[in-house]
Structures are given as C-alpha cells and as structure tokens.
Ligand SMILES: Cc1cc2nc3c(=O)[nH]c(=O)nc-3n(C[C@H](O)[C@H](O)[C@H](O)COP(=O)(O)OP(=O)(O)OC[C@H]3O[C@@H](n4cnc5c(N)ncnc54)[C@H](O)[C@@H]3O)c2cc1C
C-alpha cells in the first residue's frame, strides 16, 4: 500500500497523530478533505486550524490544560511546539496567533518526508488498512453516516455553540476598561453593566429568537460550552455568577454589576472575541441584544456566534482501551471524535492514538497512560462505562477520589509531580521503540 498507516483529518488530533507517527519512523498517508470539501466552520485549507477561540487554556500546572500541555511537551508534541512558537500575551491564558500557529503546523507536515498528503474526503472504513480517524466535531456527513451504520445511531452525534468576534476599533473605550481576572496583566477589555442594564440584557436574552437544530434529539449541548441564552434561561442571576461574573477585576467602576470580557484573537489585537459568550441566537438578535451593552452599542461583528454540529462517538460503548473502534480492528479514533472537548484535549488524544497504533504496528506493548496523568484521565473518561456520557474537557474533577465522607480535594501540585514523572517514563519507553521495522 506504499505507507504504514493512514490518518484521516488534518485538524489538531490528526496533525499531532501524523507528526508523532512520522517521528517514530512510520510512513503516513494523511487525508484531509479541505479545500475540496469544506466544513461549515473551517476557513482555510491549513492543517491544525483553530476554528474559534485562540486560547489553549492556561499554562500553569494547577490548571488541567496546563498540565496537559506539559505532558504533551514531554512526549515531544509537535502541535504544542507550534503553539509555543506562536504564543501571544494573554494574562494567565495561553493564547496563540491562530494564523501563525496553523501555518507552522502546515509547514511541519509538508516538510516531513514520511507524510504524504491526500486532499480527499474519506467515506468508508477499511479495516484492511491501519487507520486513525481524527475527523473531529465536523466530520463529513457521508463519513458520519458510515460511522452510524457501523457503530449504531445511538452511539453518535451532538451540537454546541460558538461565541461572536468583533472588531476592536468598534468597542466604545469610554464604556470599557482593561483588567484581567485575578492577574496583573491587563489583557482583557471589560464591558461593564449596571444592575438595571444587566437585568434588561438577561431578559432580552431569555426571549430572543434562536436558531435551533432541526430535530429535538440533536438539541443536546455540552455543559461546558452552553449558549449564553441557555444559561440565562436557568435564572436571572445565572450569568452574573458565570461568564459575566465581575469578580477579580481591579479598578472596575463602582456600579459594575456584571461584565462581558473581550480577549484579542490576533497578534495585532484588531479582532476581539467575547469570552464564554457562545450563542445560538439568530444573527439579527445578536446585533440587537449585544447592542444593549454600553461598550458594544456600535460593535461591528467579524463573525457571529452560531450553533454547530459536534460529532462524537459514545466512547464507553464503542472504544477499546487503546481507542480502537471495537467493531473495526486496526481503526483507531482520535481527538474530539472520541468524546473529549477542546483543542489540547483533542491534540492529546491524537498523540495517544498515534502511540497505540505505532505499538500495534511495531509489535511493542502499548504505553499505558494511568489515571495518575491528565492524558490517562481523558483516556479513562472516554473508555470507561458510564450511564450518561457527555464530552469532557481536561479538569482535575476527573481525578478519582478515595470513597468516604471526609474526601479532600485533589492536591494539584502533587498530582502534577506524579503525572509528569509517569509521562517521562512513557517518553523513555517510546524512545526505546526506536525505528525498528513494521511487523503488521
Ligand atoms: C465551531 C467550533 C468551535 C470550537 N471552539 C473551541 C474553542 O474555542 N476552544 C477549544 O478548546 N475547543 C473548541 N472547539 C472544540 C475542539 O476542540 C476543536 O474543534 C478541535 O479542533 C478538535 O480537534 P480535532 O482534531 O478532533 O478536529 P478538527 O480540528 O475539526 O479536525 C478534523 C479535520 O478532519 C477533516 N475532515 C472531516 N471529515 C473528513 C472526512 N470525511 N475526510 C477527510 N477529512 C475530514 C476536517 O476538515 C478537519 O480538518 C470548537 C469546536 C467547534 C466545532
């Protein structure tokens, strides 16, 4: 067949998988359907395109995504190396210049002598060719139909929502202030609301017209990415204790009752995203309702918020411990399709799938990620049986606690020390695989 393994999807997981496999000396055929066949969200034909926010979470080990990045770095992640090289100032957040980032990922893939690129839509699972499926939340409809057929309709599908971006020059600076929550660096522009403005805004959100998916069974959102109007429907005060909480901000106006934060989305700072403000409102309603915020009364939109498809498999029912699709041997799932949510989480499950596939192809025992690592917690989450399965992002709440009434919270520092030690062992183990011959 001219290559050792096929990787389908050149997003975060697929790019990480392809580059990791190449690093291990395996030749890869990487399928990416863009630009021949587009998704509703991607705007370029680049590999590793970030489809929405430019934040990859924090870099601190106390933050689960910070630990995840540290683990990925130890395992030689090329995607995280590209993120490190395109980092922007963003307070405690780890934000990147999106274009520079995907440009670097694309260059790395194009430069690799072991990766051949195929710009084509993949629609049929073929177990005779070792394959990693990393087609993400916007998996093409034909492949989705094939997955539904092979795995069962009940083991697939989902929806969630995206935040709008606006032009920085259109924000009223007299009605906004710079400050980041809990940090010294003023990388966030805050749009405050008084008590009256806040409740008027919430009531408008509660009654605004929404764009809803066609069938009710698809109106199922990921709890970590709820549309703001959905949060508003849970109670008048829900937003001011959630994404609009005014706490931790220095030098805020005295009558600041709630706040909407804006964060830069490009290096130049010309485009700002509304933090945690994903919405499924109709476009005219977004214009109307956001104009009720004093600082945004003349805001010009770069992109409107929207509701989107988010495909994932019900991992515990269809994935084996090493992320193979149970009914399709030698086909591994990777990234968001496995039932994780987030750029770094998808990257992590791209790397794990690549290591699992490489071990199988080379005849080595699989590197086991225990639940004492953040990567292991994600693998455990998507493969362990549970009655109610919803995608997860990385978080310390995934750490299993000792049963009993006097449970203590997780000691994050101690957890991170053990996790990084374990990942170092895995990195040594993988290095010892060398570039020995493929035996499958
Ligand atoms: C609209 C939207 C906004 C999001 N916003 C954020 C955010 O702000 N922060 C965050 O952390 N996470 C966000 N996510 C979640 C998620 O982490 C990202 O989508 C992440 O990019 C997933 O990585 P992935 O590699 O699994 O999929 P993707 O990065 O989407 O990559 C999948 C690739 O597969 C290709 N493909 C699909 N079907 C086929 C096929 N049949 N044949 C060949 N190629 C195919 C696609 O073109 C795409 O390039 C968002 C998701 C969506 C959909």
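Summary of computed values
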read-out	value
Nitroxide proxy distance, nm - points 7 Å out along Cα→Cβ at residue 129 and residue 60	4.7 nm
FRET efficiency, 1/(1 + (r/R0)^6) with R0 45 Å, evaluated for residue 196 and residue 37 via beta carbons	0.35
Rounded Å value of the spacing that divides the Cα centres of the stretch 53-85 and the stretch 256-298	27 Å
Reference-scaled alpha-carbon Rg (2.2 N^0.38 Å with N residues) for the stretch 273-327	1.88
Sorted by Cβ neighbour density within 10 Å, fewest at the top, the residues 23, 195	195, 23
Cα→Cβ-extended label distance, 7 Å offset, between residue 421 and residue 252, nm	4.1 nm
Folded to 0 to 90 degrees: helix 412-433 orientation relative to the chain principal axis, Cα	30 degrees
Shape of the stretch 78-213, Cα gyration tensor, a/c cut at 1.5	oblate
Additional length obtainable on full extension of the chain from residue 206 to residue 283, 0.36 nm per residue less Cα span	26.2 nm
Volume of the Cα convex hull of the stretch 244-296, divided per residue and given in Å³	114 Å³
Residue order, fewest to most surrounding Cβ atoms within 10 angstrom, among 194, 360	194, 360
Acute angle (nearest 10 degrees) that the helix 343-362 long axis makes with the longest principal axis of the chain, alpha-carbon atoms	0 degrees
Three-way shape label, the stretch 15-67, alpha-carbon gyration tensor, a/c 1.5	oblate
Normalised convex hull volume, the stretch 70-133, alpha-carbon set, Å³ per residue	145 Å³
Relative contact order, percent, the chain [alpha-carbon distance under 8 Å, six or more residues apart]	22 percent
Alpha-carbon spread of the chain, three principal axes, descending order, Å	69, 46, 45
Dimensionless Rg/Rh of the stretch 228-370 - Kirkwood Rh, Rg from C-alpha atoms	1.13
Virtual spin-label span in nm between residue 428 and residue 368, 7 Å along Cα→Cβ	1.8 nm
Principal axis box of the stretch 161-309, alpha-carbon based, largest edge first, Å	46, 32, 26
0 to 90° range, to nearest 10: angle between helix 64-74 axis and the chain longest Cα axis	30 degrees
Mean ellipticity per residue at 222 nm, deg cm²/dmol - from DSSP H runs of n ≥ 4 across the chain, formula -39500 (n - 2.57)	-9500 deg cm²/dmol
Relative contact order (%) - criterion: Cα under 8 Å, at least six apart; region: the stretch 161-309	45 percent
Ranking of 5, 117, 426 by count of other Cβ atoms within 10 Å, fewest first	117, 426, 5
Whole-percent pair-distance distribution, where bins are 10 Å wide, for the alpha carbons of the stretch 2-130	13, 42, 32, 13, 1
Average Cα contact separation per residue, the stretch 224-314, under 8 Å, 6 or more apart, as relative contact order %	24 percent
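No lab work stands behind these numbers, since they all come straight from the coordinates. In this text the structure is predicted, and so the values were computed from the model without any measurement. We place every Cβ from the backbone using ideal geometry, glycine too, and count neighbours over all the protein chains shown.
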